[in-house]
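Readers should treat all values here as calculations from the given coordinates under stated rules, not as data from a laboratory. The model shown is predicted, which means the values in this text are computed figures rather than measured ones. Here the Cβ is made from the backbone with ideal geometry for all residues, glycine too, and neighbour counts use every protein chain on show.
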Amino acid sequence: MKNLLGSAFSHSGSMLKKFIPVMFHSKLIFIFLISSLILTSCGKKEVKTIVTSESSHYDFTQMDKFFKKYVTDGKVNYSGIKKDRALDMIVNDLKDFEPYSIDDNWERLAFWINVYNVYTIKLVTDYYPVESILDIESKSGMNPFEMKFIEMKAGRRFSLDEIEKKIIIPKYNEPRIHYALVCAAESCPVIIPEAYTPEKLDEQLDRQAKIFINDKKKNFLFREENEIFLSMIYKWYRKDFIKKDSSLTNHISKYISKEDKDFIASNNVTKTLYLDYYWKLNEFKGD
């Protein structure tokens, strides 16, 4: 994907950093003010300010309620979400939230995973009805994964690609995130009917890994030819998996049955083929 420009975290231009003490409700709060970030647009200079306050926690309650209500059998009720305007409250809350005020890395990772999934759903519902998230490009004229439509505090905007490839992947070194980030397609991992939370994140990621790897529509062992057929996710993000587990076989062997694991080891199964990715919308349409 193209490099995403105009980020509030760009190092272009000059930065002036100040610590300003502010008294609020008799409590001293230090606000880290980064100002004078100069961007050039149409020959004019634009000044953007980023404010980061004291550490805080994100309340995942509303997200959890949303996923519980609108996710069924790993699929999303897009029409119901659009009809109910179910994401309005969550989106408005996120506009006023500073993600980098979350100190704990595990909590911040849970936050970004939920944000990715929430805004993927929002993007689809904004253009719904569509047969695939890829159809949004013909309607908007933009690659849906590169659209900077995710707004947070100080007016900063992110794209889905930026959250995945510039924030989550490089900062957390956690290959299991690929089982949690759902890009609204049938070939994606199933979306869970709950929010990811720091307390349960490790268990949730492990559960998602086992479900995805053992889904025969997405991955399977072809014993007759000593071949493994895998999702395209393993081809696209191969380096993320082998960085931690040295090989794709080692990674998937952590989550498959003992019978399959023994077969792979005893028959030296190393040939890997990749299945076509099915981009049809992961939509739940009810009875």
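Once you keep just the Cα pairs under 8 angstrom separated by 6 or more residues, what percentage relative contact order results for region 55-287?
On the way: 315 pairs, mean separation 59.0, N = 233.
Relative contact order of region 55-287: 25 percent.
Amide H to amide H under 5 Å from Y274: which residues, 5+ apart in sequence or cross-chain, H placed 1.01 Å off N in plane?
Long-range HN contacts for Y274: L230.
Could you please rank D103, D245, D161, placing first whichever residue has the fewest other Cβ atoms within 10 Å of its Cβ? Walk me through the numbers before you get to the answer.
On the way: D103 11, D245 15, D161 18.
Arranged by neighbour count, lowest to highest, D103, D245, D161 become D103, D245, D161.
Looking at this model, which pairs from K68/K280; K69/K235; K69/K148; K166/K258; K82/K216 are more than 29 angstrom apart at the alpha-carbon?
Numbers: K68/K280 22 Å; K69/K235 33 Å; K69/K148 27 Å; K166/K258 36 Å; K82/K216 32 Å.
Checking Cα-Cα distances, K69/K235; K166/K258; K82/K216 exceed 29 Å.
Using the Karplus curve 6.51 cos²θ - 1.76 cosθ + 1.60 with θ = phi - 60°, what ³J(HN,Hα) values do you get for each residue of region 235-244, in whole Hz, with x for Gly and Pro?
7, 5, 10, 3, 5, 5, 6, 7, 4, 9
At K244 and E259, where each label point lies 7 Å from the Cα along Cα→Cβ, what is the point-to-point distance in nanometres?
In this crude label model, K244 to E259 measures out at 2.8 nm.
What aspartates and glutamates sit close enough to K261 to cross-link, taking a C-alpha to C-alpha distance under 19 Å and skipping anything fewer than 8 places away on the same chain?
Within the straight-line cut-off, K261 pairs with D206, D215, E224, E225, E227, D245.
Between region 94-169 and region 57-76, what is the separation of their alpha carbon centroids in Å?
What the calculation gives is 16 Å, centre to centre.
Please give every one of the aspartates and glutamates within straight-line cross-link reach of K165, meaning a C-alpha to C-alpha distance under 13 Å, and leave out same-chain neighbours fewer than 8 residues apart.
By straight Cα distance, K165 reaches E146, E174, D240.
Which one, V269, S187, T125, is farthest towards the positive end of the dipole of region 55-287 when Lys and Arg carry +1 and Asp and Glu -1 on their Cβ?
Going by the Cα projections, it comes out as V269.
With the Cα gyration tensor of region 149-284 giving a ≥ b ≥ c as the square roots of its eigenvalues, does the rule (a/c under 1.5 for rounded; else a/b larger than b/c for prolate; else oblate) give rounded, prolate or oblate?
Working: a/c = 2.00, a/b = 1.82, b/c = 1.10.
Verdict is prolate for region 149-284.
Place a +1 charge on the Cβ of each Lys and Arg in region 55-287 and a -1 charge on the Cβ of each Asp and Glu, then give the dipole magnitude about the Cα centre in debye, rounded to the nearest 20. Display every interim value, and only then the final one.
Numbers: 37 positive and 39 negative charges, 59 e Å.
Rounded to the nearest 20 debye, it is 280 debye.
If we sort 58-65, 134-141 on the protection proxy, mean other Cβ atoms within 10 Å, highest first, what's the order? Write down the numbers at each step before the final one.
Values: 58-65: 16.4, 134-141: 14.0.
By packing density, highest mean first, the sequence is 58-65, 134-141.
Within a 10 angstrom radius of the beta carbon, how do R108, R207 rank from fewest other beta carbons to most?
On the way: R108 20, R207 16.
Least crowded to most crowded, the residues run R207, R108.
Can you compute 3J(HN,Hα) from phi for each residue in region 78-91, using the Karplus curve 6.51 cos²θ - 1.76 cosθ + 1.60 with θ = phi - 60°, rounded to whole Hz and x for Gly and Pro?
Once rounded to whole Hz, the list reads 5, 5, x, 5, 5, 5, 8, 6, 6, 9, 4, 5, 5, 5.
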